[in-house]
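The values are calculated or read from the model by the stated rules, or taken from the named source; none is laboratory data. Not measured: the values here are computed from a predicted model. Positions of Cβ are backbone-derived with ideal geometry, glycine not excepted, and every protein chain shown enters the neighbour counts. To get the accessible areas, we keep the full protein, side chains included, count just its heavy atoms, and leave off ligands, DNA and RNA. Shrake-Rupley method; radii C 1.70, N 1.55, O 1.52, S 1.80 Å.
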Amino acid sequence: MSKKILITGGLGYIGSHTAVELINEGYQVVILDDLSNSSLDVLDGIEQITGVRPEFVKVDMRDKQALNQFFDNYQVDGVIHFSAFKAVGESVEKPLAYYENNLNALVYLLQELTVRNIRPFIFSSSCTVYGQADELPVTEKAPVKPAESPYGFTKQVGEIIIRDTVRATKLKAIALRYFNPIGAHPTAIIGELPLGIPQNLVPFITQTAIGLRAELSVFGNDYPTPDGTAIRDYIHVVDLAKAHIAALERLLNQSNKENFEIFNIGTGKGSSVLEVIQTFEKVSGQKLNYKIVSRRTGDVVAAYANTALANKELRWKAKSSLEEALASAWAWELKIRA
Ligand code: UD1
């Protein structure tokens, strides 16, 4: 029998792409999602791509009873935990909602896993934990800097909660610190579905190109970078999804070196905002309307990953180029607006 993996937040952007990759690798998948920032259409999309409809259970993970009942009804061999709020600005306005949803739910989930001896646990963390790193590319050894937002703080505390739980129990866990996930599935059947006005660069670009937004604001061109705009490490969401399989299998095969490990998941290549815009214009054939405005509060100058540890230990490497990732984001935008 193939292993059954629970994906929390499995109808979300990264969760849905990970569900597809897991099914493609022969795993059984059960998705738990509260549909607060996702839609059941995504379940159809996963089925359309893979030919398999994963089991789905609607659960709000802040509801401890409901979570308990879920685990009474479903036996799983491992968990990949995506479900969380993820808007930096909103987290500043609603810190308690972020702490409740991102931390209470994590605690309830870990309580279930430890009581039931479910071992492999993969956690969605973020490069935001490094703040502005002193050295680039940033390695996992770089110090965690004071969080710029409640959202960022939930990722830092989430890692600590897991670390302490691993020390005290038999849980085995890996936290993946994502850099900037972009793009969509090559079939354009699933992709990112931002609610309202996108906060992130790539969905803002594609919505501007398709005419939903009048123009893109580039936040600052006075950074100490070659073209003055901020630098990030943009990783194709399918590459990112595959990193989860690699992490899960490391724990399932017991090839982990410690019971809690942390890996950077990026491409290792930094691109400036202007480079992203130019590359987008090239792959889409669209001229993008943009203007330079002042810096956005909380933004760092540059963040890109040293991925040597993930490359070696997870035997995983990002394969897609920025061109491919942006082309897939554009194909997805064209598809959903058609
Ligand atoms: C942001 C979060 C990060 C989170 C990640 C999740 C902040 C400060 N950081 O990363 O904690 O893990 O999203 O996806 O919000 N940009 C523009 N114009 C725009 C939008 C963005 O110029 O309309 C620039 C930003 O200034 C930045 C780059 O594009 O330099 C990437 O921005 P974004 O996509 O929002 O990601 P991060 O800020 O890196």
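Before moving on, here are some points about what is shown:
- Residue 44-residue 145 pseudo-label distance in nm [points 7 Å out on the Cα-to-Cβ vector]: 4.4
- Only Lys, Arg (+1) and Asp, Glu (-1) charged, at Cβ; the stretch 53-100 dipole about Cα centre in debye: 80
- Computed on the chain, with alpha-carbon pairs under 8 angstrom and 6+ residues apart, the relative contact order is 19 percent.
- With Cα atoms, 0 to 90° folded angle of helix 150-168 axis to the chain main axis: 30
- Full extension of the segment from residue 99 to residue 132, taken as 0.36 nm per residue of separation minus the current Cα-Cα distance, would add 9.6 nm.
- Restricting attention to the stretch 228-338, the count of lysine pairs at 8 or more positions apart or across chains with alpha carbons under 17 Å apart stands at 6.
- Å² of accessible area per residue within the chain, as computed with a 1.4 Å probe and no ligands counted: 45
- Long-range amide H partners of residue 126 with built H, under 5 Å: 178
- Mean Cβ neighbour count within 10 Å, used as a protection proxy, ranking 111-119, 320-328 highest first: 320-328, 111-119
- Under the convention that each Lys and Arg Cβ holds +1 and each Asp and Glu Cβ holds -1, the size of the dipole of the chain around its Cα centre is about 500 debye.
- Axis of helix 105-116 versus longest Cα principal axis of the chain: the two differ by about 30°, to the nearest ten degrees.
- Potential lengthening of the chain between residue 1 and residue 255 amounts to 89.3 nm, from the contour at 0.36 nm per residue minus the alpha-carbon distance.
- Derived scalar couplings ³J(HN,Hα) [the stretch 303-316; Karplus, 6.51 cos²θ - 1.76 cosθ + 1.60; whole Hz; x for Gly, Pro]: 8, 8, 8, 8, 9, 4, 5, 5, 4, 7, 7, 8, 6, 10
- For residue 30, distant residues with modelled amide H under 5 Å away: 5, 6, 7
- Choice from 106, 40, 67 with maximal GNM fluctuation in the chain (Cα, 10 Å cutoff): 40
- Going by accessible surface with a 1.4 Å probe and the largest first, 4, 170 read 170, 4.
- In sequence order, calculated HN-Hα J values of the stretch 50-63 (Karplus, 6.51, -1.76, 1.60; Hz; x Gly/Pro): 9, x, 10, 9, x, 5, 9, 10, 7, 9, 8, 6, 6, 8
- Shown here for the stretch 158-232: GluC sites (Glu not before Pro) in loop regions (DSSP other than H, G, I, E, B) with at most 12 other Cβ atoms within 10 Å, namely 215.
- Amide proton proximity set for residue 218, modelled H, under 5 Å, gap of 5+: 291, 292, 293
- Computed from Cα positions, the angle between helix 273-284 and the longest principal axis of the chain comes to roughly 90 degrees.
- Within the accessible area of the stretch 130-252 (1.4 Å probe), percent carbon and sulfur: 54
- Residues 52, 42, 301, sorted by accessible area with the largest first, give 52, 301, 42 [1.4 Å probe; ligands and nucleic acids excluded].
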